[in-house]
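The values are calculated or read from the model by the stated rules, or taken from the named source; none is laboratory data. Since this is a predicted model, take the numbers as computed values, not measurements. Here Cβ is always computed from backbone atoms with ideal geometry, including for glycine, and neighbour counts include all displayed protein chains.
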Amino acid sequence: MNRNIAIYPGSFDPITIGHMDIIQRASRLYRRVVVAVLRNPDKRSCFTAEERVDMIERCCANLMNVEAVAFDGLTVDLARAQGATVMLRGLRAAGDFEAERTLAQLNQRLAPELETVLLIGRPEHSAISSSAARELASYGQSLQGIVPDEVVKQVLAHFHPASHS
Ligand code: PNS
């Protein structure tokens with residue numbers, strides 16, 4: 001295993017099985033993985049940062065080298081504060097590439113010492129995203145195989161409190 005600390009930033013609103021796959025693979029590659037949840041006061045999130053951190057912690061309870069934190073501001077500042085030398089992002093499909101290249105190059109300017117590492121998602125996860133999970137949940141559809149089992153009920157309950165109490 002690589003001795004580096006990796007930071008995996010995102011909105012995770014909510015965490016999906018695609019995110020989980022990246023986290024599990026990263027936990028085998030790096031000494032420590034910090035899942036960094038952007039508080040994002042401008043972009044209205046569905047779940048609070050505390051709820052998102054709590055969901056990630058429940059899903060990662062058996063991954064001893066993974067932790068979740070909420071943050072504001074620049075990801076590179078959190079990376080420095082955590083002693084991370086790697087910033088991880090997942091790439092689901094070709095359409096993700098331009099946005100990830102821009103993000104990686106901006107972060108390169110801000111923190112040349114931090115390397116962005118892109119992990120390729122599994123093909124069966126290519127259509128899975130937090131926004132797809134929110135949309136399916138809003139229509140009361142099953143979230144099995146979209147978000148981790150540990151959080152299915154909580155995500156559905158957010159949209160349909162009476163049916164999932
Ligand atoms: O899951 P997302 O929404 O694609 O994650 C995007 C995220 C959180 C990684 C990105 O917006 C981010 O890093 N925001 C924090 C501010 C920042 O560092 N911006 C990049 C350089 S200007």
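Odds and ends about this structure:
- Scanning the range 98-117 for residues that are in a helix (DSSP H, G or I) and either at pLDDT below 95 or not hydroxyl-bearing (Ser, Thr, Tyr) (or both) returns 98, 99, 100, 101, 103, 104, 105, 106, 107, 108, 109, 110.
- Residue check, residue 118 in contact with a helix residue (DSSP H, G or I) (Cβ under 7 Å, 6 or more places away or on another chain) and either more than 11 Å from the ligand (Cβ to nearest atom) or among the hydrophobic types (A, V, I, L, M, F, W, C) (or both): yes
- Scanning the range 105-120 for residues that are touching a Ser or Thr at 6+ places or on another chain (Cβ under 8 Å) and closer than 14 Å to residue 10 by Cβ gives a single hit, 107.
- Contact map, the range 92-112: residues that are touching a residue at least 40 places away in the same chain (Cβ under 8 Å) paired with residues that are near the ligand (Cβ under 10 Å from one of its atoms) and among the small types (Gly, Ala, Ser), Cβ distance under 9 Å, separation 6+ or inter-chain. Pairs shown: 92/129.
- Hits in the range 50-105 (condition: of a type in the set (Asp, Glu) and farther than 30 Å from residue 149 by Cβ): 72, 77, 98
- Restricting the first member to the range 141-154 and to residues that are among the hydrophobic types (A, V, I, L, M, F, W, C), and the second to residues that are crowded, with 17+ Cβ neighbours inside 10 Å and not in a helix (DSSP H, G or I), the beta-carbon pairs closer than 7 Å and six or more apart or on different chains are 146/16; 146/128; 147/14; 147/15; 147/16; 151/14; 151/15; 152/143.
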